[in-house]
Protein chains: 2
Amino acid sequence: MIPTLQNIYEAAERIQPHAHRTPVMTNESLNERVGARVYLKCENFQKVGAFKFRGACNAVFSLSDEEAKYGVCTHSSGNHAQALALAARMRGIAAHIVMPENAPQVKKDAVAGYGGKITFCEPTLQAREATLRRVVESTGAAFIHPFDNERVIAGQGTASLELLADMPDLDAIIAPVGGGGLLSGTSIAATETKKGIRVLGGEPEMADDAFRSLQARKILPSEHPKTIADGLLTSLSELTFSIIQSRVEQIVTVSEQGIVDSMKFIWERAKIVIEPSAAVAVAVLWEKKVDLSGLKVGVILSGGNVDLGKLPWGK
Amino acid sequence: MIPTLQNIYEAAERIQPHAHRTPVMTNESLNERVGARVYLKCENFQKVGAFKFRGACNAVFSLSDEEAKYGVCTHSSGNHAQALALAARMRGIAAHIVMPENAPQVKKDAVAGYGGKITFCEPTLQAREATLRRVVESTGAAFIHPFDNERVIAGQGTASLELLADMPDLDAIIAPVGGGGLLSGTSIAATETKKGIRVLGGEPEMADDAFRSLQARKILPSEHPKTIADGLLTSLSELTFSIIQSRVEQIVTVSEQGIVDSMKFIWERAKIVIEPSAAVAVAVLWEKKVDLSGLKVGVILSGGNVDLGKLPWGK
């Protein structure tokens, strides 16, 4: 089922005691550089350092006591895993997380730090799904998919509700797209609350399955995606594809250099730490492939979880 | 003359159209790690990325038209230079900046970007002062000392006025100390507006002249200071020493490792970019050499200007 605006309002109310209402930042240097008035929705300041907490929190607290009693589980290479672990801890239930063994150490530590029970798997889709099935069978935990889940999508949409409450006269909103949970929630929240607002997705050229899928009018899976934006490697689901197809103006692909340059610019000028996946949305403005000049543009800075020991610029 | 609380209120009014009112951030992980409730005054988000804009702006806009007509000048290895250049540009006057030739490239670029006219000198006190004298003689510019200036000190004090307006029940405030402008302004603003509040200075062990000066009850200059906190290499002046001696409870010295660790922690957990000099104030809590457990502690995060190509942790 496609979430409604009402579902997003309910999600906002449900997560309000647990999630941060994140600030909206502006930066003159950025505005000058990209030729637009940019409003940065700082989900890097969200609990667990990413918007993912919104969706996970909404999903966990939507479960009935019966559904929740054996805990929750998921597969995730990163932020959704941390988010689900924290939301489960807040509700007092177990979180079983299937993670690829090559996930960044900082993300493994964070999941464990939130009390998540990690089962490692080979870094392939097949291994991940097989491992998840074994975990579900042995624990009875409720599976919370990272994005192919209407409650997760509704939760992600709450970021744009807040952004539009703070900045009602936005002309456009840009969010990064991986599996499409954030972009789906963003597009529903934005287009249902503001007629005519433009919603754009930012995607790495090197993982451009959403761009190609929209062109082809059918889901084309990600094939050998290879990008520094490691949160955006996954492909769309039927659910997110259908939402994005009907509500998103276009997916704009950005180069790896554009991602790194805009990430560094945000760190240097706005003095905030954002992860490459968040920079993908900034890079849409940075590379100017689509004309947004002079407009008021909201950008969802999706997260700030970075391994500071592995930064994509020279010492 | 020692600035009064009234001078700081006037400074706040004078700089209000030009400076940011910076946010106060909190972070649960930090609170847990240091055992106190910490309120981070984010001067890394200030114009030019540092509190220095407050003092420079107050000084520049305090000048009469007659005093201002040949512009302003200063010597500075960094943030004060950028701050003075920007404040001068806002007033429409020239800024002549004497900088050591070995200053970080990112700071040279920023000063030039704000329209400052740079004269490079050898990285010694003698060369700096001689070069400055030549600049003053040839231009007639008004010298705005980075900290030995009552208007600069009054401007720096406005950060604590704002912090205490937002968080009136603070038990203590910590600011880093180099030349002592920030700590002086902080101590006047805090002790004059809140009876009994504790004001502490944070200083690198490797540049501990303020600590030693307070112990000796006389100014002992910095000798071969060598610290990653490159904003804190300077020694106190008579003016800042006298203010700090009468209003600051103690100077707490912190290790280089403590500076780096607390800086990295703030980047990773609070998702904001702070410079090593700002981390010095965090490190006072981090290293727990003074008992502030359970207290509400304000920390002035002095700035966020860092060369991202030269970070103090391994790749």
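Do we have any residue at all in the stretch A:112-133 that's of a type in the set (S, T, N, Q), closer than 23 Å to residue A:15 by Cα and without any contact (Cβ under 8 Å) to a residue 60 or more places away in the chain? So far as the stretch A:112-133 goes, no, none of its residues is of a type in the set (S, T, N, Q), closer than 23 Å to residue A:15 by Cα and without any contact (Cβ under 8 Å) to a residue 60 or more places away in the chain. Taking the condition within 12 Å of chain B (Cβ to nearest Cβ) and surrounded by fewer than 18 Cβ atoms within 10 Å (Cβ to Cβ), does residue A:296 pass? The answer is no for residue A:296. Among the residues of the stretch B:246-266, those that are closer than 17 Å to residue A:310 by Cα and surrounded by fewer than 22 Cβ atoms within 10 Å (Cβ to Cβ) comprise B:260, B:261, B:264, B:265. For residue B:231, are the conditions met, namely being modelled with pLDDT under 95 and of a type outside the set (Lys, Arg)? Yes, satisfied.
Listed here are the residues, each with its yes/no results for (1) among the β-branched types (Val, Ile, Thr); (2) closer than 26 Å to residue B:61 by Cβ; (3) surrounded by 16 or more Cβ atoms within 10 Å (Cβ to Cβ).
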{"residue": "B:92", "(1), (2), (3)": "no, yes, no"}
{"residue": "B:108", "(1), (2), (3)": "no, yes, yes"}
{"residue": "B:118", "(1), (2), (3)": "yes, yes, yes"}
{"residue": "B:142", "(1), (2), (3)": "no, yes, yes"}
{"residue": "B:167", "(1), (2), (3)": "no, no, yes"}
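Listed here are the residues, each with its yes/no results for (1) within 21 Å of residue A:35 (Cβ to Cβ); (2) under 15 Å from the mean Cα position of the chain (by Cα).
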{"position": "A:167", "(1), (2)": "yes, no"}
{"position": "A:180", "(1), (2)": "no, yes"}
{"position": "A:184", "(1), (2)": "no, yes"}
{"position": "A:192", "(1), (2)": "no, no"}
{"position": "A:215", "(1), (2)": "no, no"}
{"position": "A:238", "(1), (2)": "no, no"}
{"position": "A:250", "(1), (2)": "yes, no"}
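Within the stretch A:32-47, is even one residue crowded, with 16+ Cβ neighbours inside 10 Å, in a helix (DSSP H, G or I) and free of Cβ contacts under 8 Å to residues at least 40 places away in the same chain? Yes, because at least one residue in the stretch A:32-47 is crowded, with 16+ Cβ neighbours inside 10 Å, in a helix (DSSP H, G or I) and free of Cβ contacts under 8 Å to residues at least 40 places away in the same chain.
When the test is whether a residue is in contact with a helix residue (DSSP H, G or I) (Cβ under 8 Å, 6 or more places away or on another chain) and charged (D, E, K, R), residue A:32 does not pass it. Of all residue pairs spaced 6 or more apart or on separate chains, those with beta-carbon atoms under 7 Å, a first member in the stretch B:304-315 that is more than 7 Å from chain A (Cβ to nearest Cβ) and a second member that is modelled with pLDDT of 90 or more are B:305/B:49; B:305/B:50; B:305/B:79; B:305/B:275; B:306/B:273; B:306/B:275; B:312/B:228; B:312/B:260. Just one of the listed residues (A:105, A:46) is touching a strand residue (DSSP E or B) at 6+ places or on another chain (Cβ under 8 Å), among the polar types (S, T, N, Q) and within 14 Å of another protein chain (Cβ to nearest Cβ), namely A:46. Only residues that are of a type in the set (Val, Ile, Thr) and within 14 Å of chain B (Cβ to nearest Cβ) were counted in the stretch A:252-293, giving 5. Reported count of residues in the stretch B:8-43, each being touching a Lys or Arg at 6+ places or on another chain (Cβ under 8 Å), more than 12 Å from chain A (Cβ to nearest Cβ) and not hydrophobic (A, V, I, L, M, F, W, C), is 5. Residues considered: B:172, B:110, B:103, B:127. Of these, the only one that is modelled with pLDDT under 95 and over 28 Å from residue A:28 (Cβ atoms) is B:127. In the set A:246, A:242, only one residue is away from every other protein chain (no Cβ under 14 Å) and without any contact (Cβ under 8 Å) to a residue 12 or more places away in the chain; that residue is A:246.
Are any of the residues in the stretch A:178-190 more than 14 Å from residue A:302 (Cα to Cα) and not small (Gly, Ala, Ser)? Yes, the stretch A:178-190 contains a residue that is more than 14 Å from residue A:302 (Cα to Cα) and not small (Gly, Ala, Ser). Hey, any hits in the stretch A:214-234 for a residue that's touching a residue at least 24 places away in the same chain (Cβ under 8 Å), more than 14 Å from chain B (Cβ to nearest Cβ), assigned to a helix (DSSP H, G or I) and farther than 23 Å from residue A:45 by Cα? Checking the stretch A:214-234: at least one residue is touching a residue at least 24 places away in the same chain (Cβ under 8 Å), more than 14 Å from chain B (Cβ to nearest Cβ), assigned to a helix (DSSP H, G or I) and farther than 23 Å from residue A:45 by Cα.
Results for (1) outside the structural domain of residue B:188 (by TED's automatic domain parsing); (2) closer than 26 Å to residue B:117 by Cβ, shown as yes or no for each residue.
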| site | (1), (2) |
| --- | --- |
| B:9 | no, no |
| B:15 | no, yes |
| B:34 | no, no |
| B:39 | no, no |
| B:57 | yes, yes |
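Is it the case that the stretch A:248-259 has a residue that's part of a strand (DSSP E or B) and of a type outside the set (A, V, I, L, M, F, W, C)? Scanning the stretch A:248-259 turns up at least one residue that is part of a strand (DSSP E or B) and of a type outside the set (A, V, I, L, M, F, W, C).
The values are calculated or read from the model by the stated rules, or taken from the named source; none is laboratory data. Here the structure is a predicted model, which means the values were calculated and not measured. Reconstructed Cβ throughout: ideal geometry from the backbone, glycine too, with neighbour counts over all protein chains shown.
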